[in-house]
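The values are calculated or read from the model by the stated rules, or taken from the named source; none is laboratory data. Please read all numbers here as calculations on a predicted model, not as lab measurements. So basically every Cβ, Gly included, is an ideal-geometry build from the backbone, and we count neighbours across all protein chains shown.
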Amino acid sequence: MKISARSISVLGLRSEDDFQIVHMTSYLGDTPPNEFRKQLHELADWIADFRQNIKSLRVAPDDAPGAVRAQLPSRAPEDGEPFGKILADIDRLVVPGMVHWSHPMFLGYFGWTTTAPGILGEILSAPLSVNAMTWRTCPAATELETVVIDWLRQWLGLPNEFGGVVYDTASVGIMHALAVAREEAAPSTRKLGLINRDLPRLRIYASDQAHSAAEKAAIALGIGEENVRRVPSDDQFCMDISSLRHMMAQDREHRFRPLAVIATVGTTSSASVDPVPEIAKVCGESKAWLHIDAAYGGGFATLPEYKWLTNGWSEVDSIVVNPHKSLFVPLDFSVLYVRDLERLRRVFTLVPEVLRGDTIEGEKNYMDYGIQLGRRFRALKAWVIWRLLGRAGIVSRLREQIRLANLLATRIKIDSRFELAAPVSLGVVCFRFVSGIGDIGQGSTTPATTNGKLDKLNSEIVERINASGRAYLTQTKLRGRTVMRIGLGNVLTTEEHIRKAWEIIQQTVSAL
Ligand SMILES: Cc1ncc(COP(=O)(O)O)c(C=O)c1O
């Protein structure tokens, strides 16, 4: 609602902002349309400025925990506040208190997938404000979800007997996949639960490099985290098949039931790839469910030269791929594929009376494929960004990530103070500072103490760089040793940023 200067003075207000406060506090309904339009324009400028200037921000804050909270009122406002003031507080309080995942020098985890098209997709889903519980509650959201899931299926070269569903995260996808495995191994668990039934203990196998989502799923499903067995990996950080066979045989001897194997395509630490065809063979022999955790690596199968990543996938039961890790869709967007999606539906379909009338069409109702009832319009952002980039645009950006990862590895190899800690895989580089112990301290130089000192130094290098606000790395453990890790994924990260990051690492090491 627009108000004239005269009315402001007649009402005894100081400004148009005051009027908006009075309006939002004292009247019912929404922001007046003209005011909303003004706010949207302001927001559009804010977003474009933020994106354009992000490179000049610190990548991470250097404040102590609690610094943001200390600047915020502990009580909620009694009266409404003007939008301009809230936006100013975003600049003043929120932005400086953030790790900027979309910063070009953010090289932690798997980098980050923010792109301008992705932001447009996210923005669009807000006003459409969908709850796609059933087909009827939003036909377009349901049908678009089915379409983008199938686009991705085709890009991955999966047979069309695989159907999918979009969840928020891979952790949730893995849990749903294992719920189906559990129902098939112990029928009627959906109905009766696991307790007081004459059931064997169920076992899940994943390599020592696999994500902890396996244990989380076992906790949630009543299988128990100790029933996730970690299979040793080989010198390439891939699951060792003879150990898997041995552990399964051992369990069967103890009358445990091998329920499922989780093979990872793109492990969290080093992006290693488990030998899926061999694992599929073992699972076939033991009638165990085979789930592929391709949360990170799956996206790279869109590259013809990386098609091999999907070797053996047509044999498996389920696959999770996170387009929010490697296919440029903003968090959160994870797809679970199940061979014959009906297996998933049978475990989770449940129609409450209040939705009975909404389910008569016989169309796909995505509420039937998981725990979640209310569902936001996640498919929209994937549809927008995949159309704006096209497969070719995605492929060329992923190739650039791989090129930059290998470029960094070349620099690491020629500096004798460092060594690669794992083969470079996809966009991930793990490396370790290994300079002679004589350079870094005195005292005992047994291998154990040397390694212990090097662990601390590698950790300290990452901590110092992150605290400097100039770049952001992660540290991880490989074979018990602390290593530094860089993950490429951001479209803003260029060769120049990698050169700069390497310089920062070298300077930090020289200053130790
Ligand atoms: C291989 C792998 N699987 C699963 C996950 C969990 O992903 P999400 O955060 O989508 O649950 C991760 C996270 O980094 C991962 O690297």
> Which pairs do you get when a residue that is more than 20 Å from Met175 (Cβ to Cβ) and assigned to a strand (DSSP E or B), found in the stretch 262-276, comes within reach of a residue that is near the ligand (Cβ under 9 Å from one of its atoms) and of a type in the set (A, V, I, L, M), reach meaning Cβ atoms under 7 angstrom, with the pair 6+ apart or on two chains?
Replying inline: Val273/Val265
> Out of the stretch 317-343, which residues are surrounded by fewer than 24 Cβ atoms within 10 Å (Cβ to Cβ) and among the hydrophobic types (A, V, I, L, M, F, W, C)?
Replying inline: Leu331, Leu341
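Listed here are the residues, each with its yes/no results for (1) under 26 Å from Gly298 (Cβ atoms); (2) modelled with pLDDT of 95 or more.
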residue: Gly443; (1), (2): no, no
residue: Asn451; (1), (2): no, no
residue: Glu460; (1), (2): no, yes
residue: Ile465; (1), (2): no, yes
residue: Gly469; (1), (2): no, yes
residue: Tyr472; (1), (2): yes, yes
residue: Ile486; (1), (2): yes, yes
residue: Ala511; (1), (2): no, no
> Residues in the stretch 254-274 that are surrounded by fewer than 24 Cβ atoms within 10 Å (Cβ to Cβ), away from the ligand (no atom under 16 Å from the Cβ) and of a type outside the set (Lys, Arg): how many?
Replying inline: 2
> Out of all the residues in the stretch 131-148, which are β-branched (Val, Ile, Thr) and surrounded by 21 or more Cβ atoms within 10 Å (Cβ to Cβ)?
Replying inline: Thr134, Thr142, Val148
> What helices (runs of 4 or more DSSP H) completely inside the stretch 21-133 contain at least 2 residues that are charged (D, E, K, R) and touching a residue at least 24 places away in the same chain (Cβ under 8 Å)?
Replying inline: 33-53
> Only one residue in Leu492, Leu473 is under 22 Å from the mean Cα position of the chain (by Cα) and surrounded by fewer than 19 Cβ atoms within 10 Å (Cβ to Cβ), so which one is that?
Replying inline: Leu492
> Restricting the search to the stretch 400-425, which residues are outside any helix (DSSP H, G or I) and farther than 16 Å from Met484 by Cα?
Replying inline: Ile414
>> Would you confirm, using the coordinates I've provided, whether Arg485 is part of a strand (DSSP E or B) and of a type in the set (D, E, K, R)?
In response: yes
>> Can you tell me how many residues within the stretch 225-248 are more than 16 Å from the ligand (Cβ to nearest atom) and among the aliphatic types (A, V, I, L, M)?
In response: 4
> Out of the stretch 498-512, which residues are hydrophobic (A, V, I, L, M, F, W, C) and either under 15 Å from Ile412 (Cβ atoms) or assigned to a helix (DSSP H, G or I) (or both)?
Replying inline: Ile498, Ala501, Trp502, Ile504, Ile505, Val509
>> Name the single residue that is farthest from Ile119 (Cα to Cα) among those in the stretch 311-348 being within 11 Å of the ligand (Cβ to nearest atom) and part of a loop (DSSP other than H, G, I, E, B).
In response: Asn322
>> I'd like the full set of residues that are under 18 Å from Ile371 (Cα atoms) and either within 16 Å of the ligand (Cβ to nearest atom) or surrounded by 15 or more Cβ atoms within 10 Å (Cβ to Cβ) (or both), limited to the stretch 195-224.
In response: Ala213, Ala214, Lys216, Ala217, Ala218, Ile219, Ala220, Leu221, Ile223
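Yes/no per residue for (1) more than 16 Å from Val261 (Cβ to Cβ); (2) without any contact (Cβ under 8 Å) to a residue 24 or more places away in the chain:
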| residue | (1), (2) |
| --- | --- |
| Val172 | yes, no |
| Leu178 | no, no |
| Pro187 | yes, yes |
| Gly193 | yes, no |
| Asp198 | yes, yes |
| Ala206 | no, no |
| Ala210 | no, no |
| Ala218 | no, no |
| Val231 | no, no |
>> So, in the stretch 344-356, exactly how many residues are surrounded by fewer than 18 Cβ atoms within 10 Å (Cβ to Cβ) and in contact (Cβ under 8 Å) with a residue 40 or more places away in the chain?
In response: 2
>> Restricting to the stretch 164-190, give me the number of residues that are part of a helix (DSSP H, G or I) and away from the ligand (no atom under 16 Å from the Cβ).
In response: 8
> Out of (1) under 21 Å from Asn311 (Cβ atoms); (2) surrounded by fewer than 16 Cβ atoms within 10 Å (Cβ to Cβ); (3) touching a helix residue (DSSP H, G or I) at 6+ places or on another chain (Cβ under 7 Å), what's the single condition that is false for Asp235?
Replying inline: (3)
